[in-house]
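What follows is a set of notes on a single structure, which appears directly below.
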């Protein structure tokens, strides 16, 4: 499992390269006119957020796996598990809104530096321990 340690570095880079947000989906109109329209719009907005959230996770995990550089098929499921756990940890600690904001800001600025307060190393280490345990 020593190869899994390379995922730590890959994750730090992968989050900068995720490119997982779709700006048009993050701009959801909240203008409503009637109760019926409100219900329909709320349902559509909720579905869009759920779809976007699963798309963010899918793209994050894919980028993370590719970024790890590991091609050993036997390790890919473990790497995917670490990547999924890392994404879940980021969302749990900082929320999807902050994840999207940071993703958009990083892509806009061409930055590869994540916010220091995110302590991504700790999240990844916890996930690796969980997968290895």
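Read-outs: derived from the displayed coordinates by stated rules, not from any lab. This is a predicted model, so every value here is computed, not measured. Cβ atoms come from the backbone with ideal geometry, glycine included; neighbour counts cover every protein chain shown.
General remarks:
- In this simple spin-label approximation, residue 108 and residue 94 carry label points 7 Å from Cα along the Cα→Cβ vector, and these lie 1.5 nm apart.
- Arranged from fewest to most other beta-carbon atoms within 10 Å of their beta carbon, 98, 105, 117, 84 become 117, 105, 98, 84.
- Cα gyration tensor category, rounded, prolate or oblate, for the stretch 72-132 with a/c compared to 1.5: prolate
- Annotation: the residues 62, 54, sorted from fewest to most other C-beta atoms within 10 Å of their own C-beta, follow the order 54, 62.
- From least to most packed, judged by other beta carbons within 10 angstrom and beginning with the fewest, 113, 63, 68 follow the order 113, 63, 68.
- The stretch 72-132, relative contact order in percent, only Cα pairs under 8 angstrom and at least six apart counted: 49
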